[in-house]
Amino acid sequence: MFIPTIPATKNETLAVLLDKTINNKTKPLGSLGVLESLAKQIGLVQNTRDVAITQPAILVFAADHGVVAEGISAYPQDVTWQMVENFLARGAAINVFATQNNCELRVIDAGVNHDFGPRDGLTDRKLAHGTQNFAHEPAMSRAVCEAALSAGMGLAAELSGNVVGFGEMGIGNTTAAAALMHKLTGIPVAQCVGAGTGLSAEGVLHKQRVIEAAAAKHDVTEPLDVLATFGGLEIAMMTGAMLKAAELRKVLLIDGFIVTSALLVAARLQPAILDYCVFAHCSNENGHQQMLAALGAKPLLNLGLRLGEGTGCALALPLLHASVNFLNQMATFESAQVSEKSE
């Protein structure tokens, strides 16, 4: 399996130039907080001081999960395809927020257990009608997993903009994400599982036991084997898209728990990808904070979100615009004839 090589963002000359540019703006040093580090990060990703946000897009990957048969979700599997229909009808939260922020939205059928037929606004990359039940057998073969990665890479290569956000839809995918988190970080399953779409405490405990039994059954450690065994088609396709987008020096906007689990796989394959990631928010899903900590990530927002769909990406996008705009448009002390801080 070909894994894209991600270019390093370590450019000390450019880093010094960006710091100087940021510090010369008409403000006390560091007073724009995270926006300053974000502006510098975008400059290093784009390898220039002349930063820009062009044609941002959010990719929403949808697929179904065989592990739903174990009763690990509060909602039936049909909700996956029904929500895809809602995306296509422009009735979901991500539609509202993407439109509000002038962001392209692409909906991808990675493996929904439903036949949509040709539809305006739907990108068909269906590889199967969902995964197998990983409580009993691997979710995917290694070949199917690699096909999903390749499909994701192709989708990222098609994007003309330089910022890409990631979202997902798939009943059962918090179970897959929690299993990936446990296998790739070693964090106990009890600290990885959460309520997902609204499980009771008893339901969460059942979900935990399903994952624990599956983790004991499948002795895999290599990242792609873990992804094939426990992941979903939408998670695998996201992983491929992330790797390719970083190779192309795009800024990656990372949404919540499930999207971060896809990144966790990508980071195990190519650790340099983390330099390209802007973490939109910390989800209210149990386990996300620890997953972010395992990646050394600092999220921009903490709004109690746990919807998915890429909604956190859309809500964080204005902060990227703000960081780029202050770097490009804000006056310097010299240009504004403002006195600098006394020594």
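The values are calculated or read from the model by the stated rules, or taken from the named source; none is laboratory data. All figures in this text were calculated on a predicted structure; none of them were measured in a lab. Cβ: placed from backbone, ideal geometry, glycine included. Neighbour counts: every protein chain shown.
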Report summary line: Sole miss for Gly296 among (1) closer than 28 Å to Ala156 by Cα; (2) in contact (Cβ under 8 Å) with a residue 24 or more places away in the chain; (3) assigned to a loop (DSSP other than H, G, I, E, B) is condition (2)
Requested in this report: Mind counting the residues in region 243-274 that are in a helix (DSSP H, G or I) and over 24 Å from Leu303 (Cα atoms)?
Outcome: 13
**Report entry** When residues of region 201-237 are limited to those that are in contact (Cβ under 8 Å) with a residue 24 or more places away in the chain and not in a helix (DSSP H, G or I), the one farthest from the chain's Cα centre (by Cα)
**Finding:** His218
Requested in this report: Please work out which residue is farthest from Ser141 (Cα to Cα), limiting yourself to region 227-241 and to residues that are touching a Leu at 6+ places or on another chain (Cβ under 8 Å) and among the small types (Gly, Ala, Ser).
Outcome: Ala241
Report summary line: For region 299-317 the number of residues that are of a type outside the set (A, V, I, L, M, F, W, C), within 14 Å of the chain's Cα centre (by Cα) and surrounded by fewer than 24 Cβ atoms within 10 Å (Cβ to Cβ) is 2
Report summary line: Filtering region 181-197 down to residues that are crowded, with 21+ Cβ neighbours inside 10 Å and under 16 Å from Glu222 (Cα atoms) yields Met181, His182, Lys183
Query raised in the report: Looking at Asp50, Asp64, which one is acidic (Asp, Glu), buried (at least 17 other Cβ atoms within 10 Å of the Cβ) and either closer than 25 Å to Leu300 by Cβ or in contact with a strand residue (DSSP E or B) (Cβ under 9 Å, 6 or more places away or on another chain) (or both)?
Result: Asp64
Query raised in the report: When you scan region 203-240, how many residues do you find that are of a type in the set (Val, Ile, Thr) and surrounded by fewer than 24 Cβ atoms within 10 Å (Cβ to Cβ)?
Result: 5
Requested in this report: Being part of a helix (DSSP H, G or I) and among the aromatic types (Phe, Trp, Tyr) narrows it down to one of Phe61, Phe87, so name that one.
Outcome: Phe87
Query raised in the report: Could you say whether any residue in region 318-333 is of a type in the set (Val, Ile, Thr), buried (at least 24 other Cβ atoms within 10 Å of the Cβ), in contact with a strand residue (DSSP E or B) (Cβ under 8 Å, 6 or more places away or on another chain) and under 23 Å from Asp19 (Cβ atoms)?
Result: no
Requested in this report: Name, by its number, the condition in (1) modelled with pLDDT of 95 or more; (2) of a type in the set (Val, Ile, Thr); (3) within 28 Å of Ala93 (Cβ to Cβ) that does not hold for Val220.
Outcome: (3)
Report summary line: The condition of being surrounded by fewer than 24 Cβ atoms within 10 Å (Cβ to Cβ) and either in contact with a strand residue (DSSP E or B) (Cβ under 9 Å, 6 or more places away or on another chain) or farther than 26 Å from His281 by Cα (or both) holds, among Ser160, Ser200, only for Ser160
Report task. Under 7 Å between Cβ atoms, at least 6 apart or on separate chains: pull out the pairs that start in region 11-30 with a residue that is surrounded by 15 or more Cβ atoms within 10 Å (Cβ to Cβ) and end on any residue that is at pLDDT 95 or above and among the aromatic types (Phe, Trp, Tyr). Result -> Lys25/Phe326
Requested in this report: Pairs only if they're at least six apart or on different chains, beta carbon under 9 angstrom, first in region 80-97 and modelled with pLDDT of 95 or more, second aromatic (Phe, Trp, Tyr); list them, first residue then second.
Outcome: Trp81/Phe116; Val84/Phe116; Glu85/Phe116; Leu88/Phe116; Ile94/Phe87; Asn95/Phe87
Query - All positions within region 48-58 that are outside any loop (DSSP other than H, G, I, E, B) and either modelled with pLDDT under 95 or touching a His at 6+ places or on another chain (Cβ under 9 Å) (or both) - result: none
Query raised in the report: Among Val96, Val67, Val45, which is the only one that is assigned to a helix (DSSP H, G or I) and within 21 Å of Gly198 (Cα to Cα)?
Result: Val67
Requested in this report: Filter region 286-343 for residues that are modelled with pLDDT under 95, under 19 Å from Gly33 (Cα atoms) and of a type in the set (Lys, Arg) and give the result.
Outcome: Lys341
